[in-house]
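Trainee: Provided herewith is a single structure, encoded as structure tokens, for subsequent inquiry.
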Protein chains: 2
Amino acid sequence: MASILTGQAVKAFNINCGECPIRHRAVCSRSDTDELALLESMKSYKTYEQGQTIVWAGDQMAFVGSVVKGVATLSQTMEDGRRQMVGLLLPSDFVGRPGRNLAPFDVVAATEVTLCRFQRAPFEKLLTSSPNIGPRLLQMTLDELDAAREWMLLLGRKTAREKIASLLAIIASREANIGLRSAAGKVRFDLPLSREAMADYLGLTLETVSRQMSTLKREGVIVLESKRVISVPNFANLLNETGDDTDGGMLT
Amino acid sequence: MASILTGQAVKAFNINCGECPIRHRAVCSRSDTDELALLESMKSYKTYEQGQTIVWAGDQMAFVGSVVKGVATLSQTMEDGRRQMVGLLLPSDFVGRPGRNLAPFDVVAATEVTLCRFQRAPFEKLLTSSPNIGPRLLQMTLDELDAAREWMLLLGRKTAREKIASLLAIIASREANIGLRSAAGKVRFDLPLSREAMADYLGLTLETVSRQMSTLKREGVIVLESKRVISVPNFANLLNETGDDTDGGMLT
DNA sequence: AGCCATAATTGATCTCGATCAAAGTTCAGC
DNA sequence: GCTGAACTTTGATCGAGATCAATTATGGCT
């Protein structure tokens, strides 16, 4: 299932990653014990503090891996400072591109972020020798592509209100691990982005984001328990504001 | 090289495709004679007339293949009719998604389009047996992803004028087979899209597209030889209007 | 050529979101 | 608990692009 949220919607590895608080999703099948061992020996962890740039666009990227903890963003910036986020990386999302030396976009830690990393070179060697990893990566990338294209609809055609509602619905469903169409009643979740980061993602200004949040709050669609903690009394009401097909949600 | 133009920037197959006016790009290496023969036996051609929908979003898609002639678009539509194009398929671009049964977006013939098609099922079997096709498809998909993300910047942050200039620059460079940074002098090319299709791609209305075209024409940046044939007296001037880094173009 | 349907241009006006500006919050650090 | 910096909200105004509405090409057809 592809999420509109991020190019990295699909989880990365299913190595039983010792110290990781999460289990990476299946790239290797459980029977690929050699691959598992090799991957296990390659991995290393690194934590980045909030606001820190993990990789600059155009720089070498020596590793691939996945987010263990925290939230990172993928974004690009124009010369005059206009910025557009092109992906949001939540825990278990994949980072990096096999076969690609240079990072095409900035990767920035939106909160404190811990990555589980694998050296790119040996990982790519493994890619050619294991019959399972390649197809899995292709499927992941196709999911990211779908997500990016869903976001193109949001950026090109949705109103500010619809954009905000869409973002909140997606974050809510991902954090709560519910499907977007399961229009359950009350949902409560943490918003891991500043108003400015939301604006960068939605193609808006931070003032417009703030105003729309206030409006949705005034109308009772959302409740701001604190600036970064939101609860949604009735998830169906939020979905109604996204502009997406009501009986289905925005996913294919 | 990824193009901002389309998710399908990278060419598809390098089969010496008998009747095809183009040569499909390398998926199989030349030595994979068995695979080549198999692919050759699977292929079939189909022509769609202008305006015809090749596949509807949500429908089964029994084939993969590539565009031989003409221009097709990938797009999605909201219930109320708002439409956003998410990819533009030019000759030699790949169509369809291995491993995916359902089409996520509408595929429409913008001009008369001829596809060279392969049944999806046998193609996927080939995918597992050949060591070359998989990695090639992964690289293609990564290029499409880069292109989609470049387009997100355009949709979210560029002005109408910059959007038009970007689109023209990309089509010009693709049709003329020149790099975006080769700021050569005069370029002349065919515009295979209606004003409405351009608007759908750029997240604008057709009136705004028309107005910006007129403005660029009035200022001498472009010359409208006919409504669908454009010449650019000085390509560098057009690039200057795209909002992208002047000494490099919009590609990584 | 002339006709007609479709595509494109141009004009007038409106509106949503941007911009400029000023308070109000929150929280880390002393 | 205070203080100050960063973040957020709110207000006033502006403007780019949308919308509504005519015209004006254009190209396919008889």
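Trainee: Could you look through segment A:102-128, keep only residues that are touching a helix residue (DSSP H, G or I) at 6+ places or on another chain (Cβ under 8 Å) and of a type outside the set (A, V, I, L, M, F, W, C), and pick out the one that is modelled with the highest pLDDT?
Mentor: To start, the set of residues in segment A:102-128 that are touching a helix residue (DSSP H, G or I) at 6+ places or on another chain (Cβ under 8 Å) comprises A:104-105, A:110, A:118-119, A:122-123, A:126-128.
With the extra rule that they be of a type outside the set (A, V, I, L, M, F, W, C), the set shrinks to A:104, A:119, A:122, A:128.
Numbers: A:Pro104: 95, A:Gln119: 89, A:Pro122: 86, A:Thr128: 84.
Out of the qualifying residues, it is A:Pro104.
Trainee: I'd like to check which helices (runs of 4 or more DSSP H) are fully inside segment B:130-240 and have at least 3 residues that are farther than 17 Å from A:Met152 by Cβ.
Mentor: Working: elements: B:133-157, B:160-175, B:195-202, B:206-218, B:235-240.
Output list reads B:133-157, B:160-175, B:206-218, B:235-240.
Trainee: Identify all residues within segment B:43-66 that are in a loop (DSSP other than H, G, I, E, B) and of a type outside the set (D, E, K, R); write none if there are none. If you could, list the steps in order and put the result at the bottom.
Mentor: Initially, segment B:43-66 is screened for residues in a loop (DSSP other than H, G, I, E, B), giving B:43, B:49-52, B:56-59, B:61-62.
Once the filter is applied, which keeps residues that are in a loop (DSSP other than H, G, I, E, B) and of a type outside the set (D, E, K, R), segment B:43-66 yields B:Gln50, B:Gly51, B:Gln52, B:Trp56, B:Ala57, B:Gly58, B:Met61, B:Ala62.
Trainee: Exactly one condition in (1) farther than 20 Å from B:Leu138 by Cβ; (2) more than 10 Å from chain B (Cβ to nearest Cβ); (3) among the hydroxyl-bearing types (Ser, Thr, Tyr) is false for A:Ser66; which is it?
Mentor: Among (1) farther than 20 Å from B:Leu138 by Cβ; (2) more than 10 Å from chain B (Cβ to nearest Cβ); (3) among the hydroxyl-bearing types (Ser, Thr, Tyr), the lone unmet condition for A:Ser66 is (1).
Trainee: Right, next: Would you mind telling me which numbered condition in (1) among the polar types (S, T, N, Q); (2) out of contact with any Leu (no Cβ under 9 Å at 6 or more places or on another chain); (3) surrounded by 18 or more Cβ atoms within 10 Å (Cβ to Cβ) B:Ser166 fails?
Mentor: Result: B:Ser166 fails condition (2) only.
Trainee: Would you pick out the residues in segment B:79-104 that are facing chain A (nearest Cβ under 7 Å), assigned to a loop (DSSP other than H, G, I, E, B) and under 29 Å from A:Asn240 (Cα atoms)?
Mentor: B:Glu79, B:Arg82, B:Arg100, B:Pro104
Let's see how each residue does on (1) surrounded by fewer than 18 Cβ atoms within 10 Å (Cβ to Cβ); (2) within 14 Å of chain A (Cβ to nearest Cβ); (3) at pLDDT below 95:
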site	(1), (2), (3)
B:Leu202	no, yes, no
B:Lys217	yes, no, no
B:Leu224	yes, no, yes
B:Arg228	yes, no, yes
B:Phe235	no, no, yes
B:Thr246	yes, yes, yes
B:Leu251	no, yes, yes
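Trainee: Yes or no: B:Asn132 farther than 22 Å from B:Leu191 by Cβ, within 11 Å of chain A (Cβ to nearest Cβ) and touching a residue at least 60 places away in the same chain (Cβ under 8 Å)?
Mentor: Judged against the criteria, B:Asn132 is a match.
Trainee: Against the condition modelled with pLDDT of 90 or more, within 10 Å of DNA strand D (Cβ to nearest atom) and within 13 Å of chain B (Cβ to nearest Cβ), how does A:Thr208 come out, does it pass? Lay out the reasoning, then the answer.
Mentor: Numbers: modelled with pLDDT of 90 or more: yes; within 10 Å of DNA strand D (Cβ to nearest atom): yes; within 13 Å of chain B (Cβ to nearest Cβ): yes.
So A:Thr208 fits the description; yes.
Trainee: Still on this structure, please answer the following. Condition first: more than 10 Å from every other protein chain (Cβ to nearest Cβ), crowded, with 17+ Cβ neighbours inside 10 Å and of a type in the set (Lys, Arg). Can you find one or more residues in segment B:115-123 that meet it?
Mentor: Within segment B:115-123 (the criterion being more than 10 Å from every other protein chain (Cβ to nearest Cβ), crowded, with 17+ Cβ neighbours inside 10 Å and of a type in the set (Lys, Arg)), the answer is yes, since at least one residue qualifies.
The values are calculated or read from the model by the stated rules, or taken from the named source; none is laboratory data. None of the values given here were measured: they were computed from a predicted structure. Cβ coordinates were reconstructed from backbone atoms using ideal geometry, including for glycine residues, and neighbour counts include every protein chain displayed.
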